[in-house]
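> To start, I am sharing the structure in question, which I have written as structure tokens.
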């Protein structure tokens, strides 16, 4: 055992009568001492990483991204009454509502705090404090796991806690607070090894596993999937070792019943379809565990490694792993015989994490390792971030190696830790600095400025609904923050796996806007919805009920230009939305041949034949449209230089031509080609206008304009 020869002297000093040998032994192996050490080290890491203002939920970090989604999910839930299922709120995604499990608002904490919401500060949230909880759970989980692996002395606990709270992936997950609770994985592995040694205590371990799995479910589904499958591996290995299958089967059935009960009561199964695409896009890059620190940099940057795939061990941890493998190499084969189901599970986790395409850095080692069977598409669609499933594998590898080192000779163990701990600290310094910098940013957005606009508003309506347009998450998050701050209902939101009937959502904005509601249209994304902008926005703008801010077009029935002029949100009154007409310079359009010259695209005989411009794939509502194409060519009006066409595209990129014609020379003078086309109610919604150069002479395209027809300025009506 580590320091076996000298631990008595180290504890007693020169006075042997002060502490008896038995007392020294109890102290060095005390679980209580290990827990105290875990708490102290974890608190130190929290202190050096986070400012107190962050822990109290203050700062720029909480104003955007996933953190704002988590905070607003809780605020909507706290401001709402109780519903069934218990995690449901109707204030977000009104009137259907949603479960805050799908805003990643840490349901466990939400359920604990909601009964006291009336007594909590107005904008209280626990997202900042959960970072501290994650570190404390990480430290305690490290103690539980290293002791379960047979290392029960205090130096071993200190080493395990120090390394686990300097775990690079823990820092990296800062943007997704609930997923920082890696300590649950450590506890799941600890229960496995404790249970395998516990003889007839299978029932007790099984009940602890069920409690752990339910806790994980109440924090994040990915953590539940990892913890629960480790539990299944434990049951299988217990059965294979002769402990009997009846007890294991009973625990399995009980676990399913408990999970079904908790999931049903809380609403995990009432969200609708939770399957989405993207499996393989968030896969483990095989180089990721071995680079990404201050001391070991990766040869490439970007999402291939620095995204979901970031799973770096750290230089200190790699040192321990290398020594641990060397120490236990001769006995490693026996692990498969002792822990077969657990080893198989870890292999499956690794295969799942890698995804079908195996990559090492930017190099594709195996284009398709396996093909996803149709029967597994629900699984891969639910847990599409496959790289996360490397976390249990990484922890098992590291803690197994650490236990091997700590059970080696005292000299070797001390030497390795003296090297590894400083290495890990130095190697993760830039990650700590990054976290500290992000956590120290002061709050920038004063939501109190919206008070005058929202004081007589009951609901906020945001167009388009989430997932129905090309609007960035930033706009949805900001609208959520405003609505949550003022306790208003919001009809959409940044919600995971949200399924929306986009056509039905469009129709809700075609009629007159309702008094007492605020209508929001993201300004930066206006171009992407211009040709399908619902009638209601046009009508409200014509009545001077709309204004433009830095981020949104706002419309509030019953207001006028004077109303918007003095608002603290710096709103500029507007009387019209030019969303019925969109103009593109040719340089903005895609091309297959030619070159950009200023705002135009041009080609000559040296370029050969091909599409000089195509796109813009503008989304358009059913109706009548007029297009105008401006071009020129040095050739005479009798010389054919190309052709044009207008088409609409469906979801499978199939084009249906609507109109077409030839392009002739213009003697160097700009010429217009114009015409009308109609999009039927059941047609595709993307419009494309193409110009094809025949490869002879020259052609220059200057501009494309598409205008939605039927706008009557006198009556402010759009005929659809």
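A short reminder: the numbers here are calculations on the coordinates, not readings from a lab. Model, not experiment: these values are computed from the prediction. Reconstructed Cβ throughout: ideal geometry from the backbone, glycine too, with neighbour counts over all protein chains shown.
> Using the Cα atoms of region 243-365 to build a convex hull, what is its mean projected area in square nanometres?
11.9
> Inverting the mean 1/r over all pairs of different Cα atoms, compute the Kirkwood radius of region 439-488 and quote it in Å.
With all distinct Cα pairs of region 439-488 included, I get 12.4 Å.
> At 0.36 nm per residue, and after removing the present C-alpha to C-alpha distance, how many nm does the segment from residue 44 to residue 438 gain when stretched out fully?
The residue 44-residue 438 span can extend by a further 140.0 nm.
> For a test of the definition: using alpha carbon positions, the gyration tensor, and the 1.5 limit on a/c, classify region 599-655 as rounded, prolate or oblate.
The shape class here is prolate.
> While we're here: Divide the volume of the convex hull of the Cα atoms of region 582-718 by its number of residues and quote the answer in cubic angstrom per residue.
It comes to 109 Å³ per residue, whole-number rounded.
> With a ≥ b ≥ c taken as the square roots of the eigenvalues of the C-alpha gyration tensor of region 309-415, please select rounded if a/c is under 1.5 and otherwise prolate if a/b is larger than b/c or oblate if it is not?
Numbers: a/c = 2.62, a/b = 1.89, b/c = 1.39.
In terms of gyration-tensor shape, prolate.
> Turning to a different aspect of this structure: Give the shape of region 475-553 as rounded, prolate or oblate, defined through the alpha-carbon gyration tensor: a ≥ b ≥ c are the square roots of its eigenvalues, a/c under 1.5 means rounded, and otherwise the shape is prolate if a/b is larger than b/c and oblate if not.
Since a/c stays below 1.5, the shape of region 475-553 is classed as rounded.
> Now for a different question. Which whole-number value in Å³ per residue fits the convex hull of the alpha carbons of the chain?
196
> Work out, step by step, the length gained on full extension between residue 357 and residue 653: first 0.36 nm times the residue separation, then minus their alpha carbon distance; give nm to one decimal.
Stretched fully, the residue 357-residue 653 segment lengthens by 104.0 nm.
> Using helices alone, I'd like the mean residue ellipticity at 222 nm for the chain: each DSSP H run of four-plus residues gives -39500 (n - 2.57), total over residue count, nearest 500.
Mean residue ellipticity, 222 nm, calculated: -12500 deg cm²/dmol.
> Stretch residue 118-residue 211 to full length: gain in nm at 0.36 nm per residue minus the Cα-Cα span?
That pair, residue 118 and residue 211, stretches by 30.6 nm at full extension.
> For the pair residue 265 and residue 86, how long in nm is the line joining their label points, each one 7 Å along Cα→Cβ?
That separation, rounded to one decimal, is 0.5 nm.
> Taking R0 as 60 Å, what's the FRET efficiency between residue 504 and residue 429 from their Cβ-Cβ distance, rounded to 0.05?
0.70
> Same structure, new question: Can you work out the PRE-style zone for residue 523? Point 7 Å along Cα to Cβ, and I want the residues of region 541-559 with backbone N under 11 Å.
547-554
> Using the Cα atoms of region 31-139, I'd like the radius of gyration and the largest Cα-Cα distance, Dmax, both in angstrom.
15.8, 53
> Need one number: the % of Cα-Cα pairs in region 161-269 sitting beyond the 19 Å mark.
That tail contains 48 percent of the Cα-Cα pairs.
> Label residue 382 and residue 514 with points 7 Å out from Cα along Cα→Cβ: what is the distance between them in nm?
Result: 3.5 nm between the two label points.
> What order do you get for 41-49, 496-504, 662-670 when each peptide is scored by the mean count of other beta carbon atoms within 10 Å, highest first?
41-49, 662-670, 496-504
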